[in-house]
Amino acid sequence: MSLKLLDTISPFIVMEVLEKAHEMERKGINIIHMEVGEPDFCLPHPVKEAYVESIHCGNTHYTHSLGDLELRQAISNYYLKTYGVQPDPNQIIVTSGSSPAIMMALSSLIDPGNEVILSDPGYACYPNFVKFLHGKPVNVPVYAENGFQFCAHDIAAAITPKTKAAIINSPMNPTGNLIGEKDLKEIAQLPITIISDEIYHGLVYEGRAHSMLEFTDNTFILNGFSKLFAMTGLRLGYLIAPKAYVRPLQKLQQNLFICASATAQKAGIAALKYSDDDVENMKSTYNERRKFMIGRMKELGFQLPVEPTGAFYLFVNARHLSNDSYRLAFDILEKAHIGVTPGIDFGKNGEGFLRFSYANSLENLKEGMNRLENYLLNFKGIE
């Protein structure tokens, strides 16, 4: 890996906003955080108990490289209960968060020069994973007028002889919209491998999220515990892979990561088996915040092309204020003391938009919106 290649890796701008916000907080400035997509809830009680018990019992050693079998069986049962399909536990690779799962899936598919199709806007880190592996990200614009839907027709039009895969994300970051069942079925029929990022599954407030496993076996499923179970700091994810890829992925895991944390894996078992009530309470709270934010954004004059039905984000059109979302986000941070993510972080087609996370208390969200209203009343352009 050369410095020349590393120079092609773009910064994760939301982290730069967060780092600036933390710098301001160290100076005594109160910041309302609406930039980072991190649940503000504590660990569900069964998860916390299982984690602590695991340490007390000395369960702090290496597990099987694929992951604790009990956890893999619990994940398999969860998919059967939720989607009606049951992956073989031996097709599940437990990882230290979903980011290593993305890297491993792409590593097994692409050679230098191969192409991976992505939506624009889309999750900011996908293109960098592809570039790190000497692949070529192919960004397909999706538009506000069509609800930022990533459709089979758009993906098919971008396929070339060099295309190895497409990554889909539903519910989508940054928009919070879902890909519908009909579209998923059509995407599953495409002559390429689909990597389906399902990290926000479970956080759906209208309709139903479908797993790509319902429609094809030729898919890599990315998922984890950070979002649904508020377990971000425990770093626990998983990859469900086609059978032919499991042994190569296992060898990659053994060499790069060895295994995921044993204690985190015990916590993951408790999350899947005993945390349904906690999840429902979190979902109910998120939904209350979502409705508040949608209404308040409209009151403040922002266009909302997609009313989110999943995840915990709003992606609003701020082009009436500025076409430079980076400068606008930092201006809002400096003057209104609100952390927001510029749309350019998610691709060129996100320019002029801002992403607001409602993974914060309703009290803080109300204060943030009041600050934003005051900012707008005094807005005379970006200096």
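The values are calculated or read from the model by the stated rules, or taken from the named source; none is laboratory data. Computed from a prediction, not measured in an experiment: that's the story for all the values here. Cβ atoms come from the backbone with ideal geometry, glycine included; neighbour counts cover every protein chain shown.
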Margin query: I'd like to know if the stretch 73-80 contains one or more residues that are more than 13 Å from residue 269 (Cα to Cα) and either in contact with a Cys (Cβ under 7 Å, 6 or more places away or on another chain) or surrounded by fewer than 17 Cβ atoms within 10 Å (Cβ to Cβ) (or both).
Written below: yes
Next item on the list: For the stretch 204-211, indicate whether the set of residues that are of a type in the set (Asp, Glu) and either without any contact (Cβ under 8 Å) to a residue 60 or more places away in the chain or touching a His at 6+ places or on another chain (Cβ under 9 Å) (or both) is non-empty.
Entry: no
Margin query: If I filter the stretch 373-382 for residues that are assigned to a helix (DSSP H, G or I), crowded, with 17+ Cβ neighbours inside 10 Å and either in contact (Cβ under 8 Å) with a residue 40 or more places away in the chain or more than 17 Å from the chain's Cα centre (by Cα) (or both), do I get at least one hit?
Written below: yes
Note to self: Among the residues of the stretch 135-157, are any under 17 Å from residue 103 (Cβ atoms) and either surrounded by fewer than 20 Cβ atoms within 10 Å (Cβ to Cβ) or not assigned by TED's automatic domain parsing to the domain that holds residue 111 (or both)?
What the structure shows: yes
Notebook entry, point to check: Picking from 240, 221, 199, which residue would you name as being surrounded by 24 or more Cβ atoms within 10 Å (Cβ to Cβ), at pLDDT 95 or above, under 30 Å from residue 367 (Cβ atoms) and in the same structural domain as residue 104 (by TED's automatic domain parsing)?
Noted result: 199
Next item on the list: Looking at (1) in a strand (DSSP E or B); (2) in contact with a Lys or Arg (Cβ under 7 Å, 6 or more places away or on another chain), find the lone condition where residue 113 falls short.
Entry: (1)
Check: If the Cβ limit is 7 Å and pairs must be 6+ apart or interchain, which residue in the stretch 334-350 that is on the phi > 0 side of the Ramachandran plot and touching a residue at least 24 places away in the same chain (Cβ under 8 Å) pairs with which residue that is among the small types (Gly, Ala, Ser) and not in a helix (DSSP H, G or I)?
Finding: 347/122
Next item on the list: Could you check, for the stretch 41-60, whether at least one of its residues is within 24 Å of residue 311 (Cβ to Cβ), touching a strand residue (DSSP E or B) at 6+ places or on another chain (Cβ under 6 Å) and among the aliphatic types (A, V, I, L, M)?
Entry: no
Checklist line | Positions within the stretch 252-303 being over 21 Å from residue 74 (Cα atoms), surrounded by 14 or more Cβ atoms within 10 Å (Cβ to Cβ) and in the same structural domain as residue 93 (by TED's automatic domain parsing), in sequence order | finding: 252, 257
Item checked: Within the stretch 214-324, helices (runs of 4 or more DSSP H) holding 2 or more residues that are within 30 Å of residue 368 (Cα to Cα) and more than 21 Å from the chain's Cα centre (by Cα) -> 276-299
